[in-house]
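Taken together, the values in this text are just the output of simple stated rules run on the coordinates, not laboratory data. Everything numeric in this text was worked out from a predicted model, so none of it was measured. Methodologically, a virtual Cβ is constructed for each residue, glycine included, from the backbone with ideal geometry; neighbour enumeration extends over all protein chains shown.
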Amino acid sequence: MDTQVLFRRARIPFSMRRELKSFAAALTSDVAGGKAFRCLISDDRELRRLNRLFLAKDYPTDVLSFPGDGEFGEIAVSAGRAADQAREFGHSLESEIQVLMLHGVLHLMGMDHETDRGRMARSEARWRAKLGLPAGVIERAKRS
């Protein structure tokens, strides 16, 4: 399976969709060691539904990760949350979705920033620097 990026109810320009698919391919080869994944980019309503269904949390979230059985797994990103966060942190929607995709892939790799004593935070910071991305999810959480 090749990495797939699917867009459902997400208002993402066609040119940005191509860039996000290219970024997902780079994540596959560079970060995930060639392990393909699926990425759904959708709206807040869909992420809220998934968050409620799988984590019993009834609110929209920015990114969810679903490690696979026999496969690397899947991630879901809210374009709505990403747009709000891009405005809040002063960078582009594309950059924010990329930050969220990276965060999700690191979770698929078994990292957990809540329990791993900074391992995921260090890895995320290192990859963000290599990929030219702005502050990530973990770094922003530490600031608040």
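Structure data summary
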| item | result |
| --- | --- |
| Calculated [θ] (222 nm, deg cm²/dmol) that DSSP helices of n ≥ 4 give over the chain, each run adding -39,500 (n - 2.57) | -15500 deg cm²/dmol |
| Relative contact order of the range 56-104, pairs being alpha-carbon contacts under 8 Å that are 6 or more residues apart, as % | 35 |
| For the range 22-30, 3J(HN,Hα) per residue [Karplus equation, 6.51 cos²θ - 1.76 cosθ + 1.60, θ = phi - 60°, Hz, x = Gly/Pro] | 5, 5, 4, 5, 5, 4, 4, 6, 8 |
| 5 angstrom amide H check on ILE41, placed H, neighbours 5+ away | LEU6, PHE7, ARG8, VAL77 |
| Cut-off under 5 Å, modelled amide H: who pairs with GLY73 long-range | ARG38, GLY68 |
| Projected area, mean over directions - the range 62-111, Cα convex hull, nm² | 3.2 |
| Descending principal axes extents, the range 84-124, alpha-carbon based, whole Å | 30, 16, 14 |
| Normalised contact order of the range 1-79, rounded percent, pairs of Cα under 8 Å and 6 or more residues apart | 32 |
| Stokes-Einstein diffusion coefficient of the range 36-144, Kirkwood radius over Cα pairs, 20 °C, 1.002 mPa s, in µm²/s | 152 |
| Distance between modelled label sites at GLU139 and SER92, nm, 7 Å Cα→Cβ extension | 1.8 |
| Share, in percent, of DSSP beta bridges within the range 4-143 that are antiparallel, nearest 5 | 35 |
| Integer Hz, Karplus 6.51/-1.76/1.60 couplings in order for the range 69-79, x for Gly and Pro | 8, x, 10, 5, x, 9, 10, 10, 10, 8, 5 |
